[in-house]
Amino acid sequence: MVLPEYVVVFCTAPAGEAERLAKALVEARLAACVNVTDVRSCFRWEGTVSSEPERLLVIKTQHRLLDPLVARICELHSYDLPEIIALPIVGGYAPYLDWVREETA
């Protein structure tokens, strides 16, 4: 299986914390860019269905940085079980992807 060079990672967090996470990931060069947007999440946790406002982080990075990125999120995140899901980037604007590589070097 050929691994993608780039991935986009989704992570949800409480307001305020999401912005700190985004900044920490970019400062550590684990992410080139993190978009933070408002979402409402519906989920089952400990037997109860909840609907909560959260912030969604959309993180652009290189696949090779996925393990340290996940580790850093887990260090900083307040949730016991943070959502961290990586999807391959199968294509895109080459100059942008070059920039992602340069910013996460």
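The values are calculated or read from the model by the stated rules, or taken from the named source; none is laboratory data. Quantities reported herein were computed from a predicted structural model and do not represent experimental measurements. When we count neighbours, we look across all protein chains shown, and the Cβ atoms used for this are built from the backbone with ideal geometry, even at glycine.
Table for the structure above
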item	result
Test: residue in the stretch 25-48 that is of a type in the set (Ser, Thr, Tyr), more than 23 Å from Trp99 (Cα to Cα) and out of contact with any strand residue (DSSP E or B) (no Cβ under 6 Å at 6 or more places or on another chain)	yes
Some residue of the stretch 68-75 being out of contact with any helix residue (DSSP H, G or I) (no Cβ under 8 Å at 6 or more places or on another chain), in a loop (DSSP other than H, G, I, E, B) and either over 18 Å from Glu5 (Cβ atoms) or among the small types (Gly, Ala, Ser) (or both)	no
Residues being in contact with a helix residue (DSSP H, G or I) (Cβ under 9 Å, 6 or more places away or on another chain) and hydrophobic (A, V, I, L, M, F, W, C) - total across the stretch 57-67	2
Flag if Ala22 is within 17 Å of Glu83 (Cβ to Cβ) and modelled with pLDDT under 95	no
Output for the stretch 14-33, where each listed residue is in a loop (DSSP other than H, G, I, E, B) and either buried (at least 16 other Cβ atoms within 10 Å of the Cβ) or touching a residue at least 12 places away in the same chain (Cβ under 8 Å) (or both)	Pro14, Ala15, Ala28, Arg29, Leu30, Ala31, Ala32
Single match in Val49, Val2, Val36, Val100 (criterion: of a type outside the set (Lys, Arg), assigned to a strand (DSSP E or B) and either at pLDDT below 95 or surrounded by 12 or more Cβ atoms within 10 Å (Cβ to Cβ) (or both))	Val36
Residues within the stretch 48-84 that are closer than 20 Å to Ala15 by Cβ and either hydrophobic (A, V, I, L, M, F, W, C) or without any contact (Cβ under 8 Å) to a residue 24 or more places away in the chain (or both), tallied	14
